[in-house]
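Just below is one structure, and these are the notes that go with it.
Quick note: the coordinates plus some simple rules give every number you see, no bench work behind them. Owing to the predicted nature of the structure, the values given are computational and were not obtained by experimental measurement. Reconstructed Cβ throughout: ideal geometry from the backbone, glycine too, with neighbour counts over all protein chains shown.
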Amino acid sequence: MESPRAEREPSPEAVAAESRELAVLREMMLRARREGEDPQVPDEQLRSNDQLQQDEMMALEAIYGDNIGIFCEKTGLRSFEIHVHCEIPDDLSVSAELFQDVDDHDLKSRFLDTFSVQHLPPMSLTCLMPQSYPSLHPPYFTLTVQWLDSVKISSLCDMLDSIWTQQPGQEILYEWVQWLQSYALSHVGFVDGIVIRQPDMMIGPVDVRAVGEIVSVESAVQCLISYNEERCHESFLNGLHDCMICFSEHPGLDFIKLPCLHYYCRRCMETYSRMHVKEGTVMELLCPGDKCQGVIPPNLLKRLLGDADFERWERLILERTLDSMVDVTYCPRCGTVCLEDEENNAQCSKCFFSFCTLCRERRHIGDICMTPEEKLLSLQDREKVCSSSSSGKVDTSTDLFNELVSIKEALRDAVPCPHCRIAISRVSGCNHMHCRNCGNGFCYDCGEPLDYHRIHQCRLDEVQKSVRQADVVKQIQKEVTAQRFRNYPCPSCHQQNPKVGNNNHIFCWACQVHYCALCGKVVRKSSEHYGPRGCKQHTVDAVDPSSEGRMRSLVRKMFHGGRAKR
């Protein structure tokens, strides 16, 4: 059965690389034959070598799987390429030696740019098995490493030759691959990390089998970073992860990974994005991570929202951006965006209406803007004149009149933001208000910014203090009155009845029953119930401890201004 890899057509780049590597190997083999290093082998030994090569190739395919590629055997010789992945720690440090221009005299300073990777690009070991392998001659090979210079690659080639020398006449390919995986980095001196230097700084013998070299440090760094990101993304897609919004486990394919490297499941991100777009809080549509504030790219939002919601997001973003600009306003007639001049005037580019940006009326040079109250009175007078002169006809100013009345009612309990002057009404909570239009804070009571409020005393503090004291006095009076006219329930019908003075003998007017206020029992004969062995008929009511505690706390609150302990 043929391997599935044989059915895939290689890319043009792979074919060119294969031809180039095989050309180098064949040239090496022909040179060895001319120099007599590759002697003739008897037919029996050839058959034995061929069987050993076949068995070794089957073993390598079973072990390395997709990391091995078999070349076409046009010349009768077996050739292949193995991608060898070096064993590295979780975070391998990579230091790149770069140069920076200092001045105009071509002087450069050297510095190291350090980063970490979890995956390294594999080494490419290309081998050609001669007929004399493994009995007499090792395989011809080339070694390609994108992130090593030719000097270090040559030292690795020499080490592969020494491994063959120690084990002549045996299958050596598995030993070569295992050594490259485990000891290649330590052999070239990269134990604690990889250091990439400029190619012209490498001095030493270069082996012809060391294919490829570092063209520039920048290209090598880019190669390492790109490969590491691809492998990390592949590992992420193949694994299971927990979504930090719904805390459910999903496969990596179901996650959305943001540029800030936080990731959440697609369902949660779609719900989160549509919620902000529906509520209009598009400026808060950021990474859901705590204290992250990472931006979500528009192309990703388009996939999460769909066409309709994405169009709404674009429109809201444009509106919020224009609203944040100080010199941008809207035409009161057609709603077109206009630019405000230094005199607080603007002219619409669509309907050519020139208006005042403060009162939203026709431009009035030299005149003071009308207040909302003045506008309301003017419209009321106009409404009366129009209603008396026209029989049942509705004036065009009725809608504006109703709108101003509604705005006046809404502004009755609203406080303007001291920064952007937008009206804000408090529904509940403390006096610390946060304006959603400009993002600044202010005090709802005095209407001043928080910085001013911290330095100067709020002008409503004294008024509030006096109001609180009056409320406390009323509460104390209520407690005293309730204590003075205390009621006692009837044991028969549970009707609440007060005492008459200090007399504990109470007559219920509802059920005509006599009972005692001290023990709460029905009294048949007063002479038998009250006395030395019974209840006292006349006593002064004791003060309720809970009521006494409430009155004390109210008095303390009145004299200490109601300050709460923090």
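Summary table below
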{"read-out": "Efficiency of FRET between ARG333 and GLU374 - r from beta-carbon atoms, R0 22 angstrom, step 0.05", "value": "0.55"}
{"read-out": "Over 28 Å between alpha carbons, listed pairs LYS257/LYS291; LYS152/LYS257; LYS257/LYS278", "value": "LYS152/LYS257"}
{"read-out": "Fully extended contour minus Cα-Cα distance, from ASP323 to ILE163, at 0.36 nm per residue", "value": "50.2 nm"}
{"read-out": "Neighbour cut-off at most 11 other Cβ (10 Å), DSSP loop, GluC sites (Glu not before Pro), the stretch 308-370", "value": "GLU342, GLU343"}
{"read-out": "Where labels lie 7 Å past Cα in the beta-carbon direction, separation of LEU300 and SER95 in nm", "value": "3.4 nm"}
{"read-out": "Of the trypsin sites (Lys or Arg not before Pro) in the stretch 252-322, those whose Cβ has at most 12 other Cβ within 10 Å and which sit in DSSP loop", "value": "LYS291"}
{"read-out": "Computed E for ARG436/GLN222 - FRET, C-beta separation, R0 60 angstrom, nearest 0.05", "value": "0.85"}
